[in-house]
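The values are calculated or read from the model by the stated rules, or taken from the named source; none is laboratory data. Predicted, not measured: the structure shown is a model, and the values here were computed from it. Cβ sites come from the backbone with ideal geometry, for glycine too, and all protein chains shown count toward neighbours.
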Amino acid sequence: MRRVALTVNGTRHELELEPRELLVYVLRERLGLTGTTVGCDTSSCGACTVLVNGESVKSCTMLGVQADELEITTIEGLARNGELHPVQQAFHDHHALQCGFCTPGMVLAAVSLIESGEATDEPAIRAGLEGNLCRCTGYHNIVKAVAAAAGVR
Amino acid sequence: MAITESIQTVVGTSVKRREDASLLRGRGTFVDNLTLPGTVYMAIVRCPYPHARIVTMNLDVARAAEGVVAAFSGADLAEDWKGSLPCAWPVTEDIKMPPHFPLATDEARFQGDGVAVVIASSRALAKDAAELVEIDYEPLEATADVEKALEDGAPLVHSDLGTNECYVWKLETDDFQAALDAADVVVTRRYFQPRLIPNAIEPRGVLAQVGPSDEVTIWSATQVPHILRFALQIVLGYPESKIRVIAPDVGGGFGSKLDVYAEEALAIALAKRLGRPVKWTEERAENYVATIHGRDTVHHLTFGATKDGKITAVKSEATCAMGAYLQLVTPGIPLLGAWIYSGPYEIPNYSVTFTGVFTHTTPTDAYRGAGRPEATYVLERTMDALAAELGMDPLELRRKNFVKEFPHTMASGLTIDSGDYDASLDRLLELLDLDSIRSEQEALRAGGGAQQIGVGYSTYNEMCGLAPSRILGAIRYAVGGWDSATIRFQPLGSVQVVTGTSPHGQGHETTFAQIVADQLGVDLGDVEVLHGDTAVSQLGMDTYGSRSLTVGGVAIWHASQKIVDKARKIVAHQLEVSEDDLEFANGSFSVVGSPDRAMDVKAVAFQAHSAHNLPDGMEPGLEATATYDPPNFSWPAGAHAAVIEVDIETGDTRLLRYVAVDDVGTPVNPMIIDGQIHGGITQGVAAALWEEGVYDEDANLLSTTMTTYLVPSAAELPSFETARTETPSPTNPLGVKGVGETGTIASAPAVINAVVDALSHLGVTDIQMPATPERVWRAIEEARQ
Amino acid sequence: MIPAAFDYEVAESPEHAIALLGENEDAKLLAGGHSLLPAMKLRLARPSLLVDVGRLGELSYVRDGGEHIAIGALTRHQDVHDAPLLQEHCPIVAYTAGLIGDPQIRHRGTIGGTLAHGDPASDLPTVILALDSELVVRGEEGERTVPSAKFFTGVFQTAVGPAEMLVEVRVPKLGASVGWSYIKMSRRALDWATVAVAAVVERENGSLVKTSIGLTNMGATPLRATAAEDAAAGGASIEEAAALVSDGTEPSTDYAATAEFRLHLARVLGRRALAEAVAR
């Protein structure tokens, strides 16, 4: 077991973890933050995407112990005082989710993409979401939502 | 009888979804998010061979491992099953239906067949211990090829059956062969539609607990909580009344969660044995073997036609893989397309034969479209082949054969209630700008460069809104196709709607509230829609086959009418007028000619509750249930086109445009309709260009993860262009048809037709799905010779 | 999905990491983890000890080394892509780093990790090879420099010994007379290359002075298309040289393509990469 400290959504947590506990399971099962989901086992689907020090990362491909002293943002940490983050709001306005299972990862990947300045047009948005799979929406409305949130026509 | 007049306010508008509030915040209640105190975790040991005798099994080491609570073989649990995992559709009288229990006992019949189960205090320890189960297998011969499985000497999946043939089902009009023989032109083509792996992003999972008096509660990532409850009684023996099935938030299904699975029965049996809640969540690699697959059929499609392009006969002969066992609807999937082999065309002579075949593979079952994409693919590909044979424009050939008048009773016996297929195609052509595409194609061909483009069409119809119960009975489906709604007006004016459908992304909470808000004249915010828990929703037939709106939504409409009728009686009584003197609009009953004499429907609800002044003999309360059995299927239809770019040196393809015109009847929520169409199109496009579940010749699954089975991302796809035409369905009072599967039904042939069109100048006439770069390259090379 | 159990140590320095590797035969270095962890989650790899070097910030850098640009082994793909020094002096490396996987992977994966992993289907190894780079390996006895031609020795095998660590990659500064191209064909954007070709050409007065062609996923290691390179050096045209790109390669057959198709693709992409490099 190893003692680590993770700051998640602004709250510092001191945890004792087995090395093999993946960050996604630490978030879901140790901290009860079940918004981050698990969709695959080959780092393909991106459903588990969170922000680590502000950048999108697939939390299934990181050990909890690797996140020691890092700052993590999960979907639960996006809304402020009950108000949705602009990307969340855009997803709602543009019907960019159906079953919602891939949505937290998709939203955080989009947040990271926009904040990095790379969401410049539709092809860039589509390329930037290459690591996030959705089976319900066909991506059409997701791309519209991200473009709207990024202020792209 | 007075007619309810309600001014349409929210039906037909793109109301944003109330489901989003929790899902966007990460507050979804997917099964893997749930635990109960004392929960233990189940891991299934699965046979690594495609076919094997289980010679010996030693569980001692596994049982002694850290955290392990118990471990069982299939034989250990044999007494727990009162019946097989059910197959609800014995399609013929002599169908072979081998038993199928949650764990194999002496023979495993496909790679992934469960043979043992280990239960431990954590998911990780259960997985570790599962590796410690020692099994001696004797590998046996196996086949995954649906045609080879029928040859003499083929390895048998169920040796006691003496054959791999499961059934032969046939529908044929009188004197069919004579009609085909009389045709001027006969065109026959063979198609293989590969196995598809549904890949809902949420893997399956269950959490089960059994109380001290055998009360069963099971949370399952299922599309079918009602059917599951019924089936669990069959498998486990608990009376349905003691089984509560809860489908919490479910992360997509597409048919793969329309089933009764081994793990659901196992979790309950083990919860009973251990006295603790049992949880299981599928890993993705496990999903690829343990959750049903779609398609895997070989078709021979024949058209007979006059020389000026009137199709007089259609014959389909299909060999359909069942997999190793029959899951809930496995043998019936092809039959769901049995009446779609004439599609939107008027074809007087009709013959469809399905041969179901066992192979040593994961069982097949419903996957978006279930039988109808298969039919539409062979139909729309062969339309292009026939057009080429006749030297006709493929669109002209289609128009010439469209059904023009409705209702239209097909030669096959069912009646298409409504449609306007020319209007769909007209609208498609308006949006497509075919002339520009053709000039660009010509210029690129003349330029001789590597990039070429093509355009392909798919004009389709389909039958959904499953289903009229009498027809289901006639085709031997075990249960019916009705659905139920209960509407309860609470005393202080809020409305609770309980539906028998079970949404998993389709937005029923929003759209059904729209219907009720309009019918009862209340605000959307006053309406709550409940679903998915059999303790709350007692009656229902769940969600699949694009049925929820056309059956479930119509049941809601009918229940609404009952509410309004009862409310009208109360108002008439209290205002001392006759019912005919009342009009109902915007939630208020008013006396015709004296509009100040009125009662708001919410006030009526309170009156019904307090019961101070109700008509003699009237029961208090304002609640109604309607169970609706549709008199016909619904028949959405449309015209789609794909424009594709092909690099003829590398074989790489890129979908440039996809244009879809769909008639789904009267729209309830256009935004949700478009969302369904986008998602449906994407799955058909993916089947045409990327997805393929591959078994090798010894029936080992090669497509084992998401790195080798290719689900496309946003980077692979364009935005779609969608439009609607509308012919309201006369079959139901909402005028609705289904939309959940139309995109998938239409799109694969549109894309392949486009690829073939892009390469037609090189002599290519066909290409196997998915049109991978290598297949495109080889098709070009072969045509060159 | 869940790896087998293992021990875990955080390396306080490269020397500490190397010492831990020396003490444990069954230990592996963990940097970004995006090659190792996927294998461990499928239980295809089961090291008994992971030595986490991910916090060794001193190994994350892009520096001007005079004739070369020095890239620390723990520099993440995203940072390699964004580095102004590389964009200016060795743009093929910056460009190719931006093609690896997806953004999430690029935020964690490191250049050292991908080079030491030795997957012939990875992109950066091919580019490093085509550039005739130098790789700096540190062990218990100190540092040694390995030329890229000797670095990749087999499938998932490199010249890095069991108690050694790759610490730096040195890529040449390409002058204005050098044209380059990396053309990657993959089934989906986030997939490994079915085949990819790197071309680096030195031009002088309109002719090719030097041609380097690297191949991804055409054999057990990244390869140089030496027959094509020699033909180009001998004055062959782009078409003639391209026809030889697949010579000496041994591609495999898998879900994405057969060996035969890969041979064809290598020639087609080789021609395109050469044309693009020459025209840049």
Please indicate, with yes or no, whether at least one residue in the range B:403-419 is of a type in the set (Val, Ile, Thr), assigned to a loop (DSSP other than H, G, I, E, B) and closer than 25 Å to residue B:348 by Cα. yes
Is it the case that some residue within the range B:430-445 is surrounded by fewer than 21 Cβ atoms within 10 Å (Cβ to Cβ), touching a helix residue (DSSP H, G or I) at 6+ places or on another chain (Cβ under 6 Å) and not β-branched (Val, Ile, Thr)? yes
What is the number of the single condition among (1) out of contact with any Ser or Thr (no Cβ under 7 Å at 6 or more places or on another chain); (2) surrounded by 24 or more Cβ atoms within 10 Å (Cβ to Cβ) that residue C:55 does not meet? (2)
With the condition kept exactly as written, say whether any residue in the range A:57-72 is touching a residue at least 40 places away in the same chain (Cβ under 8 Å), under 26 Å from residue B:677 (Cα atoms) and facing another protein chain (nearest Cβ under 10 Å). no
Could you list, in sequence order, all residues of the range B:660-673 that are crowded, with 24+ Cβ neighbours inside 10 Å and in contact with a strand residue (DSSP E or B) (Cβ under 6 Å, 6 or more places away or on another chain)? B:660, B:661, B:662, B:663, B:665
Restricting attention to the range B:35-67, and to residues there that are within 21 Å of residue C:2 (Cα to Cα) and of a type in the set (S, T, N, Q), which single residue is surrounded by the most Cβ atoms within 10 Å (Cβ to Cβ)? B:39
Take the range B:537-582 and flag every residue that is surrounded by fewer than 24 Cβ atoms within 10 Å (Cβ to Cβ) and charged (D, E, K, R). B:562, B:565, B:566, B:568, B:569, B:576, B:579, B:580, B:581
Please work out if residue C:54 is assigned to a helix (DSSP H, G or I), at pLDDT 95 or above, closer than 17 Å to residue C:165 by Cβ and within 14 Å of chain A (Cβ to nearest Cβ). no
Filter the range B:583-611 down to the residues that are exposed (fewer than 15 other Cβ atoms within 10 Å of the Cβ) and in a helix (DSSP H, G or I) and list them by number. B:610
Is the range C:227-234 home to any residue that is exposed (fewer than 14 other Cβ atoms within 10 Å of the Cβ) and more than 25 Å from residue C:175 (Cβ to Cβ)? no
Please state which of the following conditions residue C:108 fails to meet, knowing it meets all the rest: (1) part of a strand (DSSP E or B); (2) farther than 29 Å from residue C:201 by Cβ; (3) basic (Lys, Arg). (1)
Which one of these is within 11 Å of chain B (Cβ to nearest Cβ), touching a strand residue (DSSP E or B) at 6+ places or on another chain (Cβ under 8 Å), surrounded by fewer than 24 Cβ atoms within 10 Å (Cβ to Cβ) and polar (S, T, N, Q): A:53, A:9? A:9
Checking the condition touching a Lys or Arg at 6+ places or on another chain (Cβ under 7 Å) and at the interface with another protein chain (Cβ under 10 Å from one of its Cβ atoms), which residue from A:22, A:17 passes? A:17
Which of the residues spanning the range A:73-87 are in contact (Cβ under 8 Å) with a residue 40 or more places away in the chain and more than 10 Å from chain B (Cβ to nearest Cβ)? A:73, A:86
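Residues are listed down the side, and each one gets a yes or a no for (1) surrounded by fewer than 24 Cβ atoms within 10 Å (Cβ to Cβ); (2) in a loop (DSSP other than H, G, I, E, B); (3) in contact with a Pro (Cβ under 7 Å, 6 or more places away or on another chain); (4) within 14 Å of chain C (Cβ to nearest Cβ):
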site: A:89; (1), (2), (3), (4): yes, no, no, no
site: A:92; (1), (2), (3), (4): yes, no, no, no
site: A:98; (1), (2), (3), (4): no, yes, no, no
site: A:110; (1), (2), (3), (4): no, no, no, yes
site: A:123; (1), (2), (3), (4): yes, no, no, yes
site: A:134; (1), (2), (3), (4): no, yes, no, yes
site: A:152; (1), (2), (3), (4): yes, yes, no, no
When residue C:191 is run through (1) of a type outside the set (Gly, Ala, Ser); (2) buried (at least 16 other Cβ atoms within 10 Å of the Cβ); (3) in a strand (DSSP E or B), the failure sits at (3)
Got a number for residues in the range B:117-143 being closer than 26 Å to residue B:40 by Cα and out of contact with any Gly (no Cβ under 7 Å at 6 or more places or on another chain)? 15
Among (1) part of a strand (DSSP E or B); (2) in contact (Cβ under 8 Å) with a residue 60 or more places away in the chain; (3) buried (at least 17 other Cβ atoms within 10 Å of the Cβ), where does residue C:135 come up short? (2)
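Listed here are the residues, each with its yes/no results for (1) away from chain A (no Cβ under 14 Å); (2) over 13 Å from the mean Cα position of the chain (by Cα); (3) crowded, with 21+ Cβ neighbours inside 10 Å; (4) of a type in the set (Phe, Trp, Tyr).
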site: C:103; (1), (2), (3), (4): no, yes, yes, no
site: C:109; (1), (2), (3), (4): no, no, yes, no
site: C:116; (1), (2), (3), (4): yes, no, yes, no
site: C:126; (1), (2), (3), (4): yes, no, yes, no
site: C:130; (1), (2), (3), (4): yes, no, yes, no
site: C:145; (1), (2), (3), (4): yes, yes, no, no
site: C:171; (1), (2), (3), (4): yes, no, yes, no
site: C:187; (1), (2), (3), (4): no, yes, yes, no
What number of residues within the range B:431-460 are of a type outside the set (Val, Ile, Thr), more than 31 Å from the chain's Cα centre (by Cα) and in a helix (DSSP H, G or I)? 13
Flag if residue B:781 is among the acidic types (Asp, Glu), in a helix (DSSP H, G or I) and more than 14 Å from chain A (Cβ to nearest Cβ): yes
Report yes if residue C:83 is touching a residue at least 12 places away in the same chain (Cβ under 8 Å), surrounded by fewer than 23 Cβ atoms within 10 Å (Cβ to Cβ) and of a type in the set (A, V, I, L, M), otherwise no. yes
Report yes if residue B:642 is within 24 Å of residue A:39 (Cβ to Cβ) and buried (at least 20 other Cβ atoms within 10 Å of the Cβ), otherwise no. no
When the range B:116-133 is examined, which residues are found to be buried (at least 24 other Cβ atoms within 10 Å of the Cβ) and among the β-branched types (Val, Ile, Thr)? B:117, B:118, B:119
Any idea how many residues of the range B:564-623 are within 15 Å of residue B:491 (Cα to Cα) and of a type in the set (Ser, Thr, Tyr)? 1
Can you tell me how many residues within the range B:721-747 are part of a helix (DSSP H, G or I) and either surrounded by fewer than 24 Cβ atoms within 10 Å (Cβ to Cβ) or of a type in the set (A, V, I, L, M, F, W, C) (or both)? 2
Condition check: surrounded by fewer than 19 Cβ atoms within 10 Å (Cβ to Cβ) and in the same structural domain as residue B:685 (by TED's automatic domain parsing). Does residue B:417 satisfy that? no
